[in-house]
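Q: Got a structure for you, questions after.
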Amino acid sequence: MCGIVGYIGTQAATDILLAGLEKLEYRGYDSAGIATIWEGDVHCVRAKGKLLNLRSKLEQIETPAQIGIGHTRWATHGKPEEYNAHPHMDTALRIAVVQNGIIENYRELREHLKGLGHEFSSETDTEVIPHLIAECLKHISENTVSASMFLEAVREAVSKLEGAFAVAAICADYPDELIVVRQQAPLVIGFGQGEFFCASDTPAIVTYTRAVLPLENGEIARLTPLGVEVYNFAGHRLKKYPRTLNWNPIMLEKQGFKHFMLKEIYEQSGVVRACLEAYFPASGETPVTLGLPEEFYADLEQIQIVACGTSWHAALVGKYLLEQLAEIPTQVQYASEFRYAPSPLTANTLTIGVTQSGETADTLAALSMEKERRQGKEAKYQARLLGITNRPESTLGQMVGNIINTHGGIEIGVAATKTFIAQLMAFYGLALNLAHCRQTIRAERLIEIIAGLRQLPAEIEAILETQERYIEQLVHDFAETKDFIFLGRGINFPIALEGALKLKEISYIHAEGYPAGEMKHGPIALLDVKVPVVAIAMPGSVYEKVISNAQEAKARDSRLIGVTSVNDGEAAEIFNDLIPVAEVEEILSPVLTVIPLQLLAYHIAARRGLDVDQPRNLAKSVTVE
Ligand code: AGP
């Protein structure tokens, strides 16, 4: 959470910092601030709330600076007030710092620094950093062998910090230096012509350059107008080269859509096509190619998947596919639970981390714990790690050797939509690849499923074309609704969970996803005329069961909305509202059934006038525990 950005070069720093923060606002929007250096001083401007508040403050100030740092905050320590907004400064107001992460030992450091006469003005953990740097600067002698005293002071200061953090710091006494640090929180450096950038995430800098260098944990870099030097925390200079991103800035625009979320919902057919091309090439040697080494599958007995939120829902669909197609027992765990209560070690186990951002702290910690506890064990217990991510350049990409890239393209809306579909496609690829290698699927059946997958982009487009307007109208009836229930079974149970999560996070309506057969064991007591029920009823092994469960809900006066491909007399009689999707095999249906649920959540939130792309209290990537 939180986004940091930095600039040094020849252009007006304030404009570049604000443009960068706008692209990072998805990481938090409790407050924003920038610090720049001009006329020998650090000038810091901060504002509570969204970036536009900071923008309007800055309109009255002329800032000729060519160096600066900026921050958009998701509050962890201290209320979302201006006095807690970053950048934070030292007592002499010479040093400014922005940070993303958590400084675990900040209390001891703060007490110690107070004892030395430092004055604090916020409740944050970050504020200790500029004070520490100031203290270190005092003690560094002119004879210190280092490229720069400021770099040396920051290096010494961060060596005293415990926790996970990314930091950017500037100092009025070193106006040509921007120092950045990465320790378990993302930070990328951008290389321009005579100008350099840093940011928590690439969207903030891709307008200016596509040459980027993601820092690794334990690295510190000095950015000057002449170039970038990278060191490790021990002070040794490292040889590092930027890589080129194949992104273009247009991807970061709304392109005529009212919200990024709606644009991203519409991009889903393209995402499915990109995944089909990558995983199921029409003219390949094998029907499925994921680029994974063969030993991955050798003697495989079990799979365990760790993930959070929407990625956890995708993992539940993945479990269904891996068990039903590849016949491998698969467990799905919340990463935040797994890290403190892992399952006992089992032999020949593949551990998969699913995270669109590749930066979710709990998922990374669960994977790193798994790696550690399997270290030194005999071969069959050693860690086999796989990441499924939309950001191969992320921390996850650096942590695990093998990645399935989900090809979703950058997703800006805080509520995940197209990256969820992309994760589903990755699981189709993995399950079919495994089934093929383990010979648990007949060749004709494999070809049949792949042919079915190839139909999906057109069917997604058909749903968007025929149903969006209808759903937009339908939501008028839910202006006062306070609770929603989503029902599904089998492979569509995780879709019910996802439908409920989408609605909760952007519309703030209480919603629950339930396996339809479980309703009568308690939750059915919630139902009455005020609680609509959305039932996913696709033909297949559980269709009749879902229909009976839906009828039980209707008998309690709930309004029934059916997402189904069945449009017969029975369906028309049961469902008050029917959202048709194309008839596809049950096993492929989640890729279609989730689309109306995303649209439902979107239109309910948009109609209520809510901030769809930046819902309250949330951040796109949860980089703290
Ligand atoms: C999705 O709509 C949510 N914003 C959230 O649940 C998200 O899926 C979760 O935080 C996991 O993120 P990740 O995929 O980047 O790890």
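Q: Tell me whether segment 291-407 comes out rounded, prolate or oblate; compute the Cα gyration tensor, take square roots of the eigenvalues as a ≥ b ≥ c, and use a/c under 1.5 as the rounded threshold.
A: rounded
Q: May I pose another question? Could you tell me how far the Cα centroid of segment 290-325 sits from the Cα centroid of segment 441-480, in Å?
A: 24
Q: Another one. For Ala479 paired with Lys138, estimate the spin-label separation in nm (one decimal), with each label point 7 Å from Cα along the Cα-to-Cβ line.
A: For the pair Ala479/Lys138, the computed spacing is 6.4 nm.
Q: Sequence gap at least 6, Cα distance under 8 Å: using those rules, report the relative contact order of the chain to the nearest whole percent.
A: 12
Q: Just to make sure I understand: if all protein chains stay in place, what is the order of Ser56, Ser200 by accessible area at 1.4 Å, largest first?
A: So the residues, ranked largest to smallest area, are Ser56, Ser200.
Q: Long-range amide H contacts for Ala185: which residues qualify at under 5 Å (H placed 1.01 Å from N, peptide plane, sequence gap of 5 or more or a different chain)?
A: Sorted by chain and number, the residues that satisfy this are Phe165.
Q: Only bridges with both residues in segment 1-119 count here: give the DSSP antiparallel percent, nearest 5.
A: Antiparallel: roughly 100 percent of the beta bridges in segment 1-119.
Q: In the chain, which whole DSSP H runs stretch at least 15 Å along their own axis (Cα) and average 0.0 or higher on the Kyte-Doolittle scale?
A: Those that pass (Cα extent of 15 Å or more, hydropathy at least 0.0) are 13-24, 128-139, 268-279, 309-326, 418-438, 443-474, 493-507, 590-607.
Q: Between Gln255 and Asn217, what's the calculated FRET efficiency when r is the beta-carbon distance and R0 is 35 Å? Round to 0.05. Mind dumping the intermediate values first?
A: Working: r = 36 Å, r/R0 = 1.03.
Plugging the Cβ-Cβ distance into 1/(1 + (r/R0)^6) gives 0.45.
Q: Still on this structure: At 0.36 nm per residue, and after removing the present C-alpha to C-alpha distance, how many nm does the segment from His510 to Lys380 gain when stretched out fully?
A: So the chain would gain 42.3 nm between His510 and Lys380.
Q: With a Cα-only, solvent-free Debye model of the chain, what are the log10 I(q)/I(0) values at q = 0.07, 0.10, 0.11 Å⁻¹?
A: Once normalised to I(0) and log-transformed, intensities are -0.47, -0.91, -1.07.
Q: Taking square-rooted eigenvalues a ≥ b ≥ c of the alpha carbon gyration tensor, is segment 531-625 rounded, prolate or oblate, where a/c under 1.5 means rounded and, failing that, a/b exceeding b/c means prolate?
A: Prolate is the answer for segment 531-625, as a/c is 1.5 or above and a/b outweighs b/c.
Q: Take the alpha-carbon centre of segment 499-541, take the same for segment 72-106, and report the distance between them in whole Å.
A: Between the Cα centres of segment 499-541 and segment 72-106 lies a distance of 41 Å.
Q: Another one. With both bridge residues required to lie in the chain, what share of the DSSP beta bridges run antiparallel, to the nearest 5%?
A: Once the DSSP bridges in the chain are tallied, antiparallel ones form about 60 percent.
Q: Give the long-range amide H neighbours of Glu219: residues separated by 5 or more places, or on another chain, with amide H under 5 Å away, using H modelled in the peptide plane at 1.01 Å from N.
A: Long-range HN contacts for Glu219: Arg182.
Q: Tell me whether segment 199-307 comes out rounded, prolate or oblate; compute the Cα gyration tensor, take square roots of the eigenvalues as a ≥ b ≥ c, and use a/c under 1.5 as the rounded threshold.
A: Note, shape of segment 199-307 comes out oblate.
Q: So what is the 222 nm mean residue ellipticity for the chain from helices alone, if each DSSP H run of at least 4 adds -39500 (n - 2.57) and you divide by all residues, rounding to the nearest 500 deg cm²/dmol? Can you show the working numbers first?
A: On the way: 17 runs with 216 residues, N = 625.
Using -39500 (n - 2.57) per qualifying helix, the result is -11000 deg cm²/dmol.
Q: Another question about this same structure. With θ taken as phi - 60° and the coefficients 6.51, -1.76 and 1.60, list the Karplus ³J(HN,Hα) couplings across segment 530-536 in order, rounded to whole Hz; mark glycine and proline as x.
A: Result, ordered by residue: 8, 10, x, 10, 9, 10, 9 Hz.
Q: What accessible surface, in Å², does a 1.4 Å probe find on Ser541, ignoring ligands, DNA and RNA and rounding to the nearest 10?
A: 90
Q: How many nm is it between the label spots at Lys114 and Glu59, if each spot is 7 Å from the Cα in line with the beta carbon?
A: It works out to 4.0 nm between the two label points.
Q: Now, a different point. Post the alpha-carbon centroid distance, segment 367-384 to segment 406-424, in whole angstrom.
A: The two parts, judged by their Cα centres, are 30 Å apart.
Q: Please identify which residues in segment 163-181 have an amide N closer than 20 Å to a label point set 7 Å out from the Cα of Tyr340, following the Cα→Cβ vector.
A: Within reach of a label on Tyr340, which here means backbone N under 20 Å from a point 7 Å along Cα→Cβ, segment 163-181 contributes 163-164.
Q: Let me ask something else about it. Hey, which of these cross-link pairs are over 31 Å Cα-Cα: Lys258/Lys554; Lys418/Lys482; Lys48/Lys114; Lys23/Lys502; Lys254/Lys545; Lys504/Lys545? Intermediate values should be presented prior to the final figure.
A: Numbers: Lys258/Lys554 35 Å; Lys418/Lys482 27 Å; Lys48/Lys114 26 Å; Lys23/Lys502 22 Å; Lys254/Lys545 41 Å; Lys504/Lys545 26 Å.
Where the Cα-Cα span goes over 31 Å, the pairs concerned are Lys258/Lys554; Lys254/Lys545.
The values are calculated or read from the model by the stated rules, or taken from the named source; none is laboratory data. These figures come from a predicted structure and were not determined experimentally. Glycine also receives a Cβ, built like all others from the backbone with ideal geometry; neighbour counts cover every protein chain displayed. Heavy atoms of the whole protein, side chains included, go into the accessibility calculation; ligands, DNA and RNA do not. Shrake-Rupley method; radii C 1.70, N 1.55, O 1.52, S 1.80 Å.
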